[in-house]
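Working notes for the structure below.
The values are calculated or read from the model by the stated rules, or taken from the named source; none is laboratory data. Here the structure is a predicted model, which is why all the values come from computation and not from measurement. Neighbour counts are summed over all protein chains in view; Cβ atoms, including those assigned to glycine, are modelled from backbone coordinates with ideal geometry. Heavy atoms of the whole protein, side chains included, go into the accessibility calculation; ligands, DNA and RNA do not. Shrake-Rupley method; radii C 1.70, N 1.55, O 1.52, S 1.80 Å.
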Amino acid sequence: MLLRANNITVHYAKAMAVDNVSIEVGEGSLVAFIGANGAGKTTILRALSGLHPLTSGEIWFRDKRIDGMRIHDIVRQGLIQVPEGRRLFPDLTVQSNLRLGAYIRKDKRAVERDMEDVLERFPRLKERRGQKAGTMSGGEQQMLAIARAVMARPKLLLLDEPSLGLAPLIVEELAPVIRSINDMGAGVILVEQNVPLALKLAERGYVLHLGKVIHEGPIDELRDSEAVKKAYLGG
Ligand code: ATP
């Protein structure tokens, strides 16, 4: 198992945001978290990447216990988050943003090789490698945010609402990008309110509601579930 979270609970001060949640992500698999605003999806990602402490529970990543580890050390293990809202450096070029994604790596030659590799994979970024990130469209910026995370050589990539604020046509372009990261061998946790996108990409899914997992299983099961249809697909 790549990642296993056992019975994690997370609070903001006295308010419980995540209530006794357990999650498993297999090597190289793509898992979706779906649920409305405030369901606790972002909070789980923040807990997994060490940005927010657990109240209780354990997180295991590739046979190491990572809850309580420093963020830096978690990143070093290969657990990389692409936060909601992208957080690029708008005044730096595409290429500089990509290079910053690899800041933790010491193998500078391999970083340059990966840079060429990533630019081949994302031709739009290659065309714009010298352009300031802040001047690109929302979809291009999202691609850059994902490509930057790839520069860290993730073993597990956490994607928080990559489709947020993007036009439907652009979201269509994002799907193969996410799939290609997964094809490179990295596991992916995809948080999405765009449920059709999540259902299209993921193998397994967790449906969250008010901090709890209310449904989990293979994606085909979720797709056919009455609860998911009713809540998210207008069925
Ligand atoms: P969204 O899609 O809006 O990000 P989400 O499913 O990711 O929703 P969270 O952002 O994880 O949900 O929020 C879970 C709960 O924690 C909500 O009740 C929210 O109000 C609360 N919460 C989130 N961030 C904070 C914070 N910084 N301080 C206090 N409460 C917070």
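Taken over region 1-36, the criterion of being open to solvent by less than 20 Å² (accessible area, probe 1.4 Å) and part of a loop (DSSP other than H, G, I, E, B) is satisfied by L2, S29, G35.
Results for (1) in contact with a helix residue (DSSP H, G or I) (Cβ under 7 Å, 6 or more places away or on another chain); (2) of a type in the set (D, E), shown as yes or no for each residue.
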position	(1), (2)
V18	yes, no
I34	yes, no
D63	no, yes
V75	no, no
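Among the residues of region 2-28, just one is touching an Asp or Glu at 6+ places or on another chain (Cβ under 6 Å) and among the hydrophobic types (A, V, I, L, M, F, W, C), namely L2.
Filtered by the rule that a residue be of a type outside the set (D, E, K, R), open to solvent by 60 Å² or more (accessible area, probe 1.4 Å) and out of contact with any strand residue (DSSP E or B) (no Cβ under 9 Å at 6 or more places or on another chain), region 90-116 gives L100, Y103.
Rundown of residues vs (1) closer than 27 Å to N194 by Cβ; (2) within 19 Å of the chain's Cα centre (by Cα), yes/no style:
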| residue | (1), (2) |
| --- | --- |
| L45 | yes, yes |
| M69 | no, no |
| D73 | no, yes |
| R76 | no, yes |
| D107 | no, no |
| M115 | no, no |
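Note on region 9-35: residues that are under 15 Å from Q193 (Cα atoms) and out of contact with any strand residue (DSSP E or B) (no Cβ under 7 Å at 6 or more places or on another chain) amount to 0. Here region 14-32 is the region considered, the condition is being at pLDDT 95 or above and within 13 Å of the ligand (Cβ to nearest atom), and the residue that is farthest from A186 (Cα to Cα) is A15. Among A39, A47, which is out of contact with any helix residue (DSSP H, G or I) (no Cβ under 9 Å at 6 or more places or on another chain), within 16 Å of the ligand (Cβ to nearest atom), part of a loop (DSSP other than H, G, I, E, B) and closer than 25 Å to L201 by Cβ? Unique residue meeting the criteria: A39. Residues in region 73-83: is at least one within 16 Å of the ligand (Cβ to nearest atom) and not polar (S, T, N, Q)? Yes: region 73-83 contains one or more residues that are within 16 Å of the ligand (Cβ to nearest atom) and not polar (S, T, N, Q).
Residues that are farther than 17 Å from F33 by Cβ and among the aliphatic types (A, V, I, L, M) within region 150-170 comprise V150, M151, A152, L166, A167, L169, I170, listed in sequence order.
Residue check: is A102 modelled with pLDDT under 95, within 25 Å of P196 (Cβ to Cβ) and more than 13 Å from the chain's Cα centre (by Cα)? Here the answer is no, as A102 does not meet what is asked. Beta carbons closer than 9 Å, at least 6 apart along the sequence or on distinct chains, pair a first residue in region 189-201 that is under 17 Å from T42 (Cα atoms) with a second that is within 11 Å of the ligand (Cβ to nearest atom) and among the small types (G, A, S) for V191/G35; Q193/G35; Q193/A36.
Taken together, the criteria place T55 among residues that are within 16 Å of the ligand (Cβ to nearest atom) and open to solvent by 10 Å² or more (accessible area, probe 1.4 Å).
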